[in-house]
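Here the structure is laid out as structure tokens; the discussion comes afterwards.
The values are calculated or read from the model by the stated rules, or taken from the named source; none is laboratory data. As the structure is a computational prediction, the values presented were derived from the model and not from experiment. In this analysis, Cβ positions are derived from the backbone assuming ideal geometry, glycine residues included, and neighbour counts consider all displayed protein chains.
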Amino acid sequence: MTDHDRARLDYANLLASHVDGGLEAARLEGDLAVRFRAAWEEVQRRRASGDMGFLELPEATEAVAAVKDVADGFGQWFEDVVVLGIGGSGLGAIAVRDALLGPFWNERDDEARDHFPRLHVVDNPDPSTFGRLLDRLDPGRTLFNVVSKSGSTAETMAQYLVARAWVEEAVEADRVRGHFLFTTDPRAGALRSIAEAEGIPALSVPPNVGGRFSVLSAVGLLPAAVCGVDVDGLLAGARDMMSRCREPDLAGNPGALLATLLHAADTEAGRHVHVLMPYADRLRSFAFWFQQLWAESLGKARALDGGPAHTGPTPLASVGASDQHSLLQLFIEGPKDKVVLFVSVTDRGDDLTIPAGHPDMPSLAYLGGHTLGELLDTERRATAEALRREGRPNATILIPRVEAHALGELFMLFEMATVYAGALYGVDPLDQPGVELGKRLTYGLMGREGHEAPDIDDGDPRFIA
């Protein structure tokens, strides 16, 4: 595989030689290389201890075979597959769906989808959304994939109970279980208990894989495989990137470089907002997957040693060229607190030529003969240059095309960058203590056994009539 056939990181516009206020390149062979080596050793230590189970997923052949068996059989009996899962249990599946199935998958007819089912991912328990979706589906031809590692996620389990009652009203009692598939802990939790008691098929999420790192487990692979996505290609891309990101040499490790450069920009230059801006609609959802990964992993109040920690950078999902007409003004002339990461696609595969028209109008005539893909990439290059000229650091991740191998590379690149960044910040990138308090308060307010209803201080509400 040549360099142009794999994901590459162009970080020139993060360096002082290219942008005012950038990083001195010599530091990548000096103090930053030393700092990274300590981070690399910490990641290797935690990997050896078994903490970082996501690194085992690309090689988990038995788990992948189980996913394929379910997808090729059980999953193909239905016209619609609905994934119920929130956070990492939904964002990865959405990112894979949008990138690899492409736009308007659910609107295509059966032949255009090669008779694979439509795929819906419901991650927010908004009754308007879920209710209108159920109104459009045939309960006798719908499969619900309920995804919760703990088996007790309030939002997901509430949706499951609604979906179960909906199915029970429409099909015979002995057929209800055939409309559900669980993805959960291999041994514990409510979903595992229900699966064992009722004979509902269940796939496992490894105990050492957290939700936001689970896209390459059954969490993300089952919805993809059900719709015919090349999961082997996805995993192969992840393996290739993982191999590159194991290098102890900073210069040869793309995940380490990304983490080191962003960490230095945040902690030394005040670039606290990290924008991911793919120039491809099919990667829009990937940016939201990154947003959770970066925020939940690095936004910590406590360091690993128990002391106070840097609270971490703020990720922002964006998309080019749409946000050139929305956020770019802020990026260029607003506070100098941002780093922008572009994602560029070399071969779009389905480009459209712009016809020549209105030759008497210079504001239109120049477009004729170019392509939409050419225009999009030109705008990406121009935006990067505009940022550079205004002293706004940026970098570009280039992928050859939006396909399974490249997407697998992107997932692993950012997962590895996240754990290296966690080591650089001195925090645990695998936990999420800040999320747990809200969960406990919700349980108490909703009356869950064993959780006392809390007093909620709503302050002194003031309303304008």
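Within region 405-436, can you find the residues that are surrounded by 23 or more Cβ atoms within 10 Å (Cβ to Cβ) and among the acidic types (D, E)?
E409, E415
Scan region 274-315 residue by residue and report those that are of a type in the set (A, V, I, L, M), crowded, with 19+ Cβ neighbours inside 10 Å and closer than 29 Å to R401 by Cα.
Selection gives V275, L276, M277, A280, L283, A287, L293.
Condition test on A112, is it of a type in the set (A, V, I, L, M) and surrounded by 18 or more Cβ atoms within 10 Å (Cβ to Cβ)?
No, not satisfied.
Inside region 26-42, can you point out the residues that are surrounded by 14 or more Cβ atoms within 10 Å (Cβ to Cβ) and not charged (D, E, K, R)?
Answer for region 26-42, where residues must be surrounded by 14 or more Cβ atoms within 10 Å (Cβ to Cβ) and not charged (D, E, K, R): L28, L32, A33, F36, A39, W40.
Of (1) within 20 Å of the chain's Cα centre (by Cα); (2) in the same structural domain as C245 (by TED's automatic domain parsing); (3) of a type in the set (D, E, K, R), D98 satisfies all except one. Which?
(2)
Among the listed residues D249, D230, identify the single one that is farther than 30 Å from N145 by Cα, out of contact with any Lys or Arg (no Cβ under 6 Å at 6 or more places or on another chain) and surrounded by fewer than 22 Cβ atoms within 10 Å (Cβ to Cβ).
When all the criteria are applied, what remains is D249.
For the structure I just gave you, tell me whether D337 is under 16 Å from D377 (Cα atoms) and among the acidic types (D, E). Show your work before the answer.
Numbers: under 16 Å from D377 (Cα atoms): no; among the acidic types (D, E): yes.
Here the answer is no, as D337 does not meet what is asked.
Quick check on my filter: what residues within region 239-288 are closer than 14 Å to R8 by Cα and touching an Asp or Glu at 6+ places or on another chain (Cβ under 7 Å)?
Result: D240, M241, N253.
Could you tell me which of the residues K336, K300 is at pLDDT below 95 and charged (D, E, K, R)?
None of the other options fit; the residue is K300.
With respect to Y420, determine if the residue is at pLDDT 95 or above and either closer than 30 Å to A33 by Cα or of a type outside the set (D, E, K, R) (or both).
Against the criterion (at pLDDT 95 or above and either closer than 30 Å to A33 by Cα or of a type outside the set (D, E, K, R) (or both)), Y420 qualifies.
Identify all residues within region 404-428 that are part of a loop (DSSP other than H, G, I, E, B) and either among the hydrophobic types (A, V, I, L, M, F, W, C) or out of contact with any helix residue (DSSP H, G or I) (no Cβ under 7 Å at 6 or more places or on another chain) (or both); write none if there are none.
G426, V427
Taking region 191-209, which residues are touching a Phe, Trp or Tyr at 6+ places or on another chain (Cβ under 8 Å) and either of a type in the set (V, I, T) or closer than 18 Å to V96 by Cβ (or both)?
I194, I200, L203, V209
For the condition in contact (Cβ under 8 Å) with a residue 60 or more places away in the chain, closer than 30 Å to D232 by Cβ and surrounded by fewer than 20 Cβ atoms within 10 Å (Cβ to Cβ), what is the one hit in P207, P186?
Exactly one residue qualifies, and that residue is P207.
Is it the case that region 182-205 has a residue that's among the β-branched types (V, I, T) and out of contact with any strand residue (DSSP E or B) (no Cβ under 8 Å at 6 or more places or on another chain)?
Scanning region 182-205, I find no residue that is among the β-branched types (V, I, T) and out of contact with any strand residue (DSSP E or B) (no Cβ under 8 Å at 6 or more places or on another chain), so the answer is no.
Show the residue pairs that are 6+ apart or on different chains and have beta-carbon atoms under 6 Å apart, the first residue being within region 396-422 and in the same structural domain as P315 (by TED's automatic domain parsing) and in contact (Cβ under 8 Å) with a residue 24 or more places away in the chain, the second being surrounded by fewer than 24 Cβ atoms within 10 Å (Cβ to Cβ) and of a type in the set (D, E, K, R).
Matching pairs, first to second residue: T396/D10; L398/R8; P400/D5; P400/D347; R401/D347; V402/R282; A404/D230.
What number goes with the only condition from (1) modelled with pLDDT of 95 or more; (2) assigned to a loop (DSSP other than H, G, I, E, B) that D431 does not pass?
All conditions pass for D431, except number (1).
Scan region 141-172 for residues that are assigned to a helix (DSSP H, G or I), under 24 Å from the mean Cα position of the chain (by Cα), in contact (Cβ under 8 Å) with a residue 60 or more places away in the chain and farther than 14 Å from G88 by Cα and jot them down.
Just the residues of region 141-172 that are assigned to a helix (DSSP H, G or I), to begin with: 141, 154-168.
With the extra rule that they be under 24 Å from the mean Cα position of the chain (by Cα), the set shrinks to 154-160.
Next, only the ones that are in contact (Cβ under 8 Å) with a residue 60 or more places away in the chain stay: 154-156, 159-160.
Within region 141-172, A154, Q159, Y160 meet the criteria.
Residue-wise test of (1) touching a residue at least 24 places away in the same chain (Cβ under 8 Å); (2) not aliphatic (A, V, I, L, M).
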residue	(1), (2)
L341	yes, no
D351	no, yes
L364	no, no
T383	yes, yes
R392	yes, yes
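Take the residues in region 238-262 that are more than 15 Å from E415 (Cα to Cα) and in a helix (DSSP H, G or I); name whichever of them is nearest to the chain's Cα centre (by Cα).
The residue in question is L261.
Could you count how many residues in region 83-101 are touching a helix residue (DSSP H, G or I) at 6+ places or on another chain (Cβ under 7 Å) and either crowded, with 24+ Cβ neighbours inside 10 Å or not in a helix (DSSP H, G or I) (or both)?
The number of residues fulfilling the criteria is 12.
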